[in-house]
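Down below is the structure, laid out as structure tokens.
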Amino acid sequence: MNRYVIVGTGVAGVSAAQAIRATDPAAEITLVSEDPHGFYSRPGLAYYLSGEIPDKQLWLYAKEDWQRLNVRFVAGRATRLLPGEHRLELGPAGALTYDRLLLAVGAKAVRLPVPGADLDGVAYLDTFEDARRLVALARRARSAVVVGGGITSLELTEGLAARKVRVHYLLRGDRYWPAVLDETESRLVEHRLVEDGVHLHYNTELVEVLGRRGRVAAIRTEKGEIIPCDLLAVAIGTRARLELAQQAGLETQRGILVNEQMASSVPDVFAAGDCAQVFDPLTGQWVMETLWNPARWQGYAAGLNMTGYETKYHHRPSFNVTRLAGLTVTIIGSLGGSRDDDLLTIARGESEAWRFGLEGVTLYQTADVNRLRLVVGQKTLLGALVMGDQTLSIPLQELITDQTDITPIREQLLRADVPLDKLIFNFWQATHPRQRGDQHG
Amino acid sequence: MGKSDSFPKVASRQEVLAAGHIVPAEGRCIQCGICSFNCPIGIDVRRHAWLGEPVVEAHCLTCGECVRRCPRGVLHFEQLKIFGGSS
Ligand SMILES: Cc1cc2nc3c(=O)[nH]c(=O)nc-3n(C[C@H](O)[C@H](O)[C@H](O)COP(=O)(O)OP(=O)(O)OC[C@H]3O[C@@H](n4cnc5c(N)ncnc54)[C@H](O)[C@@H]3O)c2cc1C
């Protein structure tokens, strides 16, 4: 009987367990996690914070699902991996031996590197425990400061605003999320934030958190301004949890380097999800992502390979749909970005691939709050951003993911004598006839 | 911040009340459960999205609430062909 040990009960770890159980019914599978809340929707935390769902909605697995999976749980933190001995140490919880092991340990929010950052009332949004704490803090808070960038900083801003907290959002530069958005897109989002009553502070750097009796009372900026607040929410990026991997001698860069089988550089040790760094064929780079579906696919592929059922993980062009200040935004592929001082790394729900500038021509179309940005390559579309109206969200996701040859419309696209959206939509209908039934109107 | 202009246009009430079912698009769902939470008759729509299966439950009113509420455009209405199968 094969013994499998999976460290982490996020979507990557659970998907790996599923794959193992499906291929090796007799397997002994042990899941190790230090999160007492187990497996839940992390992206859903943002909607729990905004009050759109109750907390119980976050758990997607029912008792029967766990019974079917037939795994053993070990609560606690894995402290040391000894690949030579095929052993994983768990501190006070003992040790486990394995035939194959998966690291699905995820990523962690980067801590704020300023004095006062350990005061009570400085909050992050990583885990259910964090979200619950934020909700409790928001109940008592009258005003909050948010620092950081990307999707999570706005989820914090909007979630707190929805809970009637007055929010000051500090930007170190002169616009929101330059790593991925262009200036027009940043302004569209900022405008909505201001309309919603958020206080935006540009070119403002937080240098110190000031406390009273151990609790956050205010923040001080570089210019010496003091902004009183009862809560400081931070989203300046995430980092893969690499402690176990590095100490065990696995090859790492920003994440654990894995091949197409999700195997690490050390025999019988695999990695998947937010902690893994995978090859992206579109950019030709090993990239980090903090995305739910890729974590799920990677976990599943890792699980199959762990049982000896060889399968390749094909990285698809990075994709997410999110809401920025009430505007729905789809981001796909590579767009190229500018310097972003609000983020030290990618935040949650993001991909490094988006920031990559590939050789291509960028085209735009803007109407009111609706914006379409396309990066057109020689033969294919390389990236797209759809803000506001989402009619083109699925069409562009499919055209870019399938690397559809755009030669028939490329010249017309570049001439821009037909509206971009119509051209793309018609081309998608012609090239993806199966999906046509999905669309109405 | 209620003014979300996500994907509601995809299915109007008239459209969804026609014969058909709700289908999840692949690779989009992040399992937040907003769909299940808002289903008036308690269908676990999110479960279908996890499994990549259409909502073919006889009880489904095809009211379109889940389609409208999904923040990520996962759910779509697909009409049924008269002779079975989906279009
Ligand atoms: C607020 C928020 C918003 C998000 N928004 C989006 C979005 O819009 N779209 C999207 O696609 N994705 C989004 N994500 C990201 C998505 O949730 C992650 O990519 C995904 O959950 C990663 O899964 P994982 O299994 O790799 O890691 P995780 O879910 O982080 O799981 C790692 C697990 O390992 C455990 N662990 C770590 N180290 C140890 C150890 N030494 N010993 C024992 N256990 C350990 C942890 O406790 C945890 O249970 C968001 C995430 C958050 C938090």
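The values are calculated or read from the model by the stated rules, or taken from the named source; none is laboratory data. Worth saying up front: this structure is predicted, and the values here are computed from it rather than measured. Don't worry about glycine lacking a Cβ; one is built from the backbone with ideal geometry, like all the others, and counts go over all protein chains shown. Each accessible area value is taken on the protein alone, full model and side chains, heavy atoms only, with ligands, DNA and RNA left out. Shrake-Rupley method; radii C 1.70, N 1.55, O 1.52, S 1.80 Å.
Observations on the structure shown:
- Listed values for region A:268-281 are Karplus-derived 3J(HN,Hα) couplings in whole Hz (6.51 cos²θ - 1.76 cosθ + 1.60, θ = phi - 60°), namely 6, 10, 10, 9, 7, x, 4, 8, 9, 10, 10, 7, 10, x, and x replaces Gly and Pro.
- Gyration tensor (alpha-carbon) shape descriptor, region B:20-79, a/c threshold 1.5: rounded
- Solvent-accessible surface of region B:20-79, taken per residue with a 1.4 Å probe and all protein chains present: 37 Å².
- Rounded to the nearest 20 debye, dipole of the protein assembly as shown from Cβ charges on Lys, Arg, Asp, Glu: 1040
- Taking all protein chains together and rolling a 1.4 Å probe, A:Glu34 ends up with roughly 80 Å² accessible.
- Comparing the full protein assembly with the isolated chain (1.4 Å probe, heavy atoms, ligands and nucleic acids excluded), the residues of region A:22-50 losing at least 40 square angstrom of accessible area are A:Tyr47.
- Positive-end ranking of A:Ala161, A:Leu82, A:Gln277 along the dipole of the protein assembly as shown, with charges on Cβ about the Cα centre, is headed by A:Ala161.
- Taking every residue in B:22-30 and counting other chain Cβ atoms within 10 Å of its Cβ, the average works out to 6.
- For region A:352-414, applying the loop criterion from DSSP together with a ceiling of 14 other beta carbons within 10 Å to the trypsin sites (Lys or Arg not before Pro) yields A:Lys379.
- For chain A, the residue among A:Pro317, A:Ala302, A:Gly13 whose Cα projects farthest onto the positive side of the dipole built from Cβ charges is A:Gly13.
- Listed residues A:Leu206, A:Thr221, A:Ala131: farthest to the positive end of the dipole of region A:98-254 (Cβ charges): A:Ala131
- Heavy-atom accessible area, 1.4 Å probe, ligands and nucleic acids excluded: residues of region A:57-78 down by at least 10 Å² from chain alone: A:Gln57, A:Leu60, A:Tyr61, A:Asp65
- Total charge dipole magnitude, region A:274-416, about the Cα centre, Cβ charges on Lys, Arg, Asp, Glu only, Debye to nearest 20: 160
- When the Cα gyration tensor is reduced to axis lengths a ≥ b ≥ c, the ratio a/c is 1.5 or higher for chain A, and with a/b not above b/c it is classed as oblate.
- Annotation for the A:B interface, with buried accessible surface near 3500 Å², both sides summed [1.4 Å probe; non-protein components not counted].
- For GluC sites (Glu not before Pro), the sites in region A:329-434 that DSSP calls loop and that have at most 13 other Cβ atoms within 10 Å are A:Glu359.
- Accessible-area composition of chain A, carbon plus sulfur, in percent [1.4 Å probe]: 49
- Surface accessible to a 1.4 Å probe, A:Thr311 within the full protein complex, Å²: 40
- Chain A - accessible surface per residue (Å², probe 1.4 Å): 40
- Region A:292-399: chymotrypsin sites (Phe, Trp or Tyr not before Pro) falling in loop per DSSP and having at most 14 other Cβ within 10 Å: A:Tyr309
- Chain A - share of DSSP beta bridges that are antiparallel (%, nearest 5): 60
- Legend: residue pairs A:Lys56/A:Lys164; A:Lys56/A:Lys108; A:Lys108/A:Lys312; A:Lys63/A:Lys312, Cα-Cα distance threshold 29 Å; pairs beyond threshold, A:Lys63/A:Lys312.
- Only protein heavy atoms count here; on that basis, with a 1.4 Å probe, A:Thr283 has an accessible area of about 20 Å².
- The mean number of Cβ atoms from other chains found within 10 Å of a Cβ in peptide A:289-299 is 2, as a whole number.
- Counting Cβ atoms of other protein chains within 10 Å of each residue's Cβ and taking the mean over peptide A:386-393 gives 3.
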